[in-house]
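Data first, discussion second: the structure below is written as structure tokens.
Derivation of every value follows stated rules applied to the coordinates shown; laboratory data play no part. Only a predicted model underlies this, so the values are computations on that prediction, with no experimental measurement involved. Quick reminder, even Gly has a Cβ in these numbers, built from the backbone with ideal geometry, and neighbours come from all protein chains shown.
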Amino acid sequence: MIAAPAAPAKICFEGVGKTFEIRSGPFVAVEGINLDIAAGSFFVIVGPSGCGKTTLLRMAAGLETPTTGTITIGRARADRPGNSMIFQGDSIFPWMTVFDNAAYGLRMRNAPKSEIDDVVGHYLDRTGLTKFAKAYPHQLSGGMKQRVSIARAFANDPEVLLMDEPFSALDEQNKTLLQEELLRIWEETKKTVLFITHSVDEAVTLGDKIMVMTAQPGREKAIIDVPFPRPRKVLELRAEPAYGELVYHIWGQLRDEVLAAKAGEAADAEGALR
Amino acid sequence: MITSTEPATTVAGDGPDAIIFKGTSSSKSRLSRDSSERLMGLVAPIGLFVLWELLADTHIIDTRFFPAPSSIASTFGTLIQNGQLLANTLISLERLFLGFLLGAIPALVIGLTMGLYRPVRALVEPLILGTYPIPKSAILPLILLIFGLGEPSKVVMVAIGVFYPVVINTVSGVLQIPKMYLDVGHNFGANRWNMFTTIALPGALPFIMTGIKLGAGLGLILIAIAEMIGAQSGLGYMIWNAWQILSVNTMYVGLIMIALVGFALTVILNEIERFLIPARQDR
């Protein structure tokens, strides 16, 4: 494994934790997260469902406030938004056209019309949506809608991109296509990405570094480097033995946590039945 | 409680990665089916009129209460010629329109604010739900007392009728907007004003239009009642006055005219809805 030259940290988590107050008392979703995510890297967090990985991302997005610790996002340019998120599931507005959806961030910060036309036009082109610029979301398939969401985030030109299981609702074929497209667009911009997923395959396919999280409460279990060179081709990569070995290795880390999460769910269900 | 219902838009599962446009052939056949159904819709009323005419001409029914359609039609013609019908219709429409604006605009603003801000909702909701069950017609004497017999009392009656369905539907409309859309707004830098104009208003629009249609119907009922009691003009007045001078034909003309106004309102509001909510156009 060749060590990458140390890049400055773009996203810093320092002692980040989140506790929710629920009826049965405090619920620790995540705790003790310390992370330095290098500028221009693709960082993936993988963990069992309910491990607080989405909470972690929402805190980075500023949609939740951490109970402890701080999250810092390095700002290279003051006129740029700090982050843009690609949400899980259908997040594009059904009452706006594809173009208006993709232009949303730029419009919100009053970008000049010429810039909006250029930038949005570019990303609609990159996501293969140019023909559908005037279409409404209900005319699009799930994969197309998620492409709009990708175009919207990239067009906003943020310091960092946050992605919350963006492909989890898609079928296997669409998922593979979109992973490949995402990699292609990302490799052109090299923006820092924080990507959440429960899929080990997806993590290894996309990431430079992967953090495996423990089951509830979510903590860091391991950080794993992904040594594969870029640009990556999804299918070729998956055919390599090293890919399978890495997936197997990460699964080994994750397995106990998934089982623990399952046991926790079973206990909760039992408690609810009683 | 004003509760949110299921989101109005449901999203189909992941199909093949292609755009789904309606084929032209299917929309053409739908069009011809629509027009044939529309024709069939005319059969029943025309049949009824013919039957009515026959029964009236043969005096099987009492023409004092059910004058023949042909004689109603001739009264209709007279009232058009002497300008009474037009004048009364126009003044009713004016009251309806002004009352509509006076009721719908505050209802929209209050409804959107209640939907977006929980504390506002907690504060205002009991007030609205507490006064909602009062029959609007029962407030008329109070309104006449406060606003007098002039134009304002009629306009206010319509406004009250329009206000409730619009405000209640607007709140429900905002509450059914998936929370994710609000997250998107915050994440992409929408300010308070943007949250209203780009998310709450368009997201709640299908519900708002339902409220507006209900409100228009209620407004029409209330303008008729208000004009019967406290006015010297308008369709309601025309009907009431016809009763007092026992001009049954004029009464029927007034009823037909109100029905036509109601029908026109529905058509216009449906067209506005189609224009404002393009995403639902080809449902």
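Brief remarks follow.
- Between the Cα long axis of helix A:172-189 and the first principal axis of chain A there is an angle of about 70°, rounded to the nearest 10.
- Gyration tensor (Cα) of region B:155-283, equivalent ellipsoid semi-axes in angstrom: 41, 15, 9
- FRET efficiency, B:ILE134 to A:PHE27 (Cβ-Cβ, R0 51 Å, nearest 0.05): 0.70
- Estimated FRET transfer efficiency (B:ALA73, B:VAL120; beta-carbon r; R0 51 Å; 0.05): 0.45
- Listing A:ARG126, A:ARG23 from fewest to most neighbouring C-beta atoms within 10 Å gives A:ARG23, A:ARG126.
- Comparing B:MET238, B:MET195, B:MET40 in a Gaussian network model of chain B (Cα springs below 10 Å), the most mobile by mean-square fluctuation is B:MET40.
- Subtracting the Cα-Cα distance of B:LEU145 and B:GLU37 from 0.36 nm times their residue separation leaves 34.0 nm of extension gain.
- Size of electric dipole in chain A: Cβ of Lys, Arg +1 and of Asp, Glu -1, about Cα centre, debye, nearest 20: 540
- The slack in the chain from A:ASP268 to A:HIS249, taken as 0.36 nm per residue of separation less the alpha-carbon distance, amounts to 3.9 nm.
- Max-minus-min Cα coordinates of chain B on each principal axis give 72, 57, 30 Å, with the largest extent listed first.
- Convex hull per residue volume in Å³, alpha carbons only, for region A:70-166: 104
- Once you reduce region A:150-206 and region A:63-124 to the center of their Cα atoms, the two points are 15 Å from each other.
- If you run the Gaussian network model on chain A, springs between alpha carbon atoms under 10 Å, then out of A:ALA169, A:ALA263, A:ALA103 the most flexible one is A:ALA263.
- Shape analysis of the protein assembly as shown based on the Cα gyration tensor places the equivalent ellipsoid semi-axes at 62, 27, 21 Å, largest first.
- Cα→Cβ-extended label distance, 7 Å offset, between A:THR68 and A:ASN34, nm: 1.2
- FRET E, pair A:ASN110, A:THR19, Förster distance 45 Å, beta-carbon r, rounded to 0.05: 0.75
- Separation in nanometres of the label points that stand 7 Å from Cα toward Cβ, at B:ILE60 and B:ILE256: 2.2
- Scattering from chain A was approximated by placing one identical point on each alpha carbon and applying the Debye formula without solvent; log10 I(q)/I(0) at 0.08, 0.09, 0.10, 0.16 1/Å stands at -0.34, -0.43, -0.54, -1.31.
- Angle in degrees between helix B:235-244 and the longest Cα principal axis of chain B, rounded to the nearest 10: 30
- For chain A, modelled as a GNM whose springs connect Cα atoms under 10 angstrom apart, the maximal fluctuation among A:GLU21, A:GLU165, A:GLU180 occurs at A:GLU21.
- Against the main long axis of the alpha-carbon atoms of chain B, helix B:151-175 sits at an angle near 30°.
- Estimated dipole of chain B in Debye, rounded to 20 [Cβ of Lys and Arg +1, of Asp and Glu -1, Cα centre]: 400
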